[in-house]
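Here the structure comes first, spelled out in structure tokens, and everything after it is commentary.
The values are calculated or read from the model by the stated rules, or taken from the named source; none is laboratory data. Predicted model, so just to flag it, every value in this text is computed and none were measured. With ideal geometry, Cβ positions are generated from the backbone for all residues, glycine too; neighbour counts draw on all protein chains shown. Just the protein is used for accessible areas: all its heavy atoms, side chains included, with ligands, DNA and RNA removed. Shrake-Rupley method; radii C 1.70, N 1.55, O 1.52, S 1.80 Å.
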Amino acid sequence: AYKEDFGPARAVNDALVIDALAPGELSLEIYEPANGSRRELRLKVTRVGPAMSLSRVLPILQSMGVDVVDEYPYAISRALKEPAWILDFGMLLPDIEIPDRSTLSERFEEAFGAAWNGRCGVDGFNALVVKCGLRWRQALILRAYARYMRQIGSTFSQSYLESVIIGNVGITRLLIRLFEIRFAPGEVDARMEAEAAVTAEIEAALNDVASLDQDSILRTFLALVRSTLRTHFFQVDD
């Protein structure tokens with residue numbers, strides 16, 4: 001089946017990938033199928049060792065806002081070594097203009113790997129990677145604020161908070177920008193001026209929000225970001 005679906009050049013590349021993997025380690029590759037539409041993508045997951053469970057893979061992909069339309073498994077037998085598996089998933093992107101499309105493959109692979117390894121949750125905030133052009137660690141910021149909102153008594157459900165954040169791409173990206181302006185290490189002299197400018201941009205955009213509930217939720221996110229005093233978000237080493 002593998003030989004029917006892939007050519008020799010692809011096979012050489014996959015063999016090199018398999019040889020470089022430790023048992024249990026994943027290799028991920030996003031690619032566009034030949035003659036596919038702008039919404040079609042494929043994800044190839046390569047792993048050495050036992051087969052991967054679809055019940056674990058599919059929730060991660062679905063949390064990222066894509067529809068999984070097919071899946072082709074390939075079992076690779078190896079002499080004197082553990083077997084390898086290649087799972088090839090066909091995905092359909094949402095029918096929207098994808099922000100930062102040029103970096104989508106890189107961001108998607110990073111986010112899937114983080115979710116698989118337990119470094120981020122498997123929930124609707126992962127869809128920010130596809131629908132809002134964020135990286136998975138930026139989505140962590142909004143997930144943390146949403147959890148905090150629930151802790152301090154918000155009556156809105158987690159799923160509704162996710163839908164509001166995902167449904168207001170412009171404001172969501174500005175909230176991340178505001179957080180980074182406030183806390184990213186580096187030059188601080190112009191920080192207050194830049195923060196004021198982005199805050200004004202967010203407040204102007206809030207005038208076009210669809211409902212009072214959404215307005216209230218987004219203003220709460222804004223207030224929480226502006227009330228935050230410190231963070232270890234940018235401390236990325238051990």
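Using beta carbons and a limit of 6 Å, which pairs, at least six apart or on different chains, have the first residue in the range 150-166 and within 15 Å of PHE125 (Cβ to Cβ) and in a helix (DSSP H, G or I) and the second one modelled with pLDDT of 95 or more and among the β-branched types (Val, Ile, Thr)?
Within 6 Å, the pairs are VAL164/ILE217; ILE165/THR172.
Residues to consider are GLY133, GLY121; find the one that is open to solvent by 20 Å² or more (accessible area, probe 1.4 Å), under 12 Å from the mean Cα position of the chain (by Cα), more than 19 Å from LEU54 (Cβ to Cβ) and not aliphatic (A, V, I, L, M).
GLY121 is the lone residue from the list that is open to solvent by 20 Å² or more (accessible area, probe 1.4 Å), under 12 Å from the mean Cα position of the chain (by Cα), more than 19 Å from LEU54 (Cβ to Cβ) and not aliphatic (A, V, I, L, M).
Please determine whether any residue of the range 79-87 is buried (at least 16 other Cβ atoms within 10 Å of the Cβ) and under 17 Å from the mean Cα position of the chain (by Cα).
no
Run down LEU21, LEU104, LEU26 and say which single residue is within 29 Å of GLY167 (Cβ to Cβ), open to solvent by less than 50 Å² (accessible area, probe 1.4 Å), at pLDDT 90 or above and not small (Gly, Ala, Ser).
LEU104
Would you confirm, using the coordinates I've provided, whether GLU71 is part of a loop (DSSP other than H, G, I, E, B), touching a residue at least 12 places away in the same chain (Cβ under 8 Å), open to solvent by 50 Å² or more (accessible area, probe 1.4 Å) and touching a strand residue (DSSP E or B) at 6+ places or on another chain (Cβ under 7 Å)?
When the stated conditions are applied, GLU71 does not pass them.
Taking interchain pairs and intrachain pairs at least six residues apart, which have beta carbon atoms under 9 angstrom, with the first residue in the range 26-49 and touching a residue at least 24 places away in the same chain (Cβ under 8 Å) and the second open to solvent by less than 30 Å² (accessible area, probe 1.4 Å) and basic (Lys, Arg)?
LEU28/LYS44; GLU29/LYS44; ILE30/LYS44; TYR31/LYS44
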